[in-house]
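The block underneath contains the structure these notes are about, expressed in structure tokens.
Just so it is clear, none of the values below were taken in a lab; they were calculated from the coordinates. Every value quoted in this text rests on a predicted model; they were computed, and no experiment measured them. Here the Cβ is made from the backbone with ideal geometry for all residues, glycine too, and neighbour counts use every protein chain on show.
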């Protein structure tokens, strides 16, 4: 499999297959939302768009990065989300990097959103689909986030069928700037368990596929 690893601003053309990686924390949160019963996640392009969706659909659950804010139900934290019952609900998510990356490749024929918690399911879907050229979008820190690059490289190796020890990749993520900032409480809207939850390899058995649903870009779980 031919794998490319690009930052969001390095996407000069629409890839055929894109895997958008945000370990800490957008797509770990998304996986937890599905684990808590959410039906789909609408990826919003801005905070105003997320609030507009919430205004039209009061039963939807809106979440964002950072500190709690009026109009939003919760924040982008897996530790906080795991206590919520989201059975059958639609979640609206807006984050600094992950949702931006997914919307940047919305015209790709296959868009997967991933973190370590869905790594094997993501790799399995790429293998099942016979994807021979995959663009991994490394969303954090303008493409320099080592937790995202480590996860992308691990998924790429697994998608190629290589037996791969995840320990080194997880260690890189644990030592990353994002992990340090979350652990030290530098970032807002953080639960003490967030880093640990972001590093739980293959916690969930599904991949996450994003596709257009009318005017929306929606993420749904996919179990091979």
Task: Difference of contour (0.36 nm per residue) and Cα-Cα distance, residue 12 to residue 85 - done: 22.3 nm
Open item on the list: What is the distance in Å between the Cα centroid of the range 145-224 and that of the range 10-75?
Closed with: 15 Å
Open item on the list: Looking at the chain only, what percent of DSSP beta bridges run antiparallel? Nearest 5 please.
Closed with: 30 percent
Task: Gaussian network model of the chain, Cα within-10 Å springs - most flexible of 128, 74, 12 - done: 12
- [ ] In a Gaussian network model over the chain where Cα atoms closer than 10 Å are linked, find which of 131, 151, 113 has the largest mean-square fluctuation.
- [x] 131
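By counting other Cβ atoms within 10 Å of each Cβ, how are 182, 47 ranked from fewest to most?
Details: 182 23, 47 16.
Fewest-to-most Cβ neighbours within 10 Å comes out as 47, 182.
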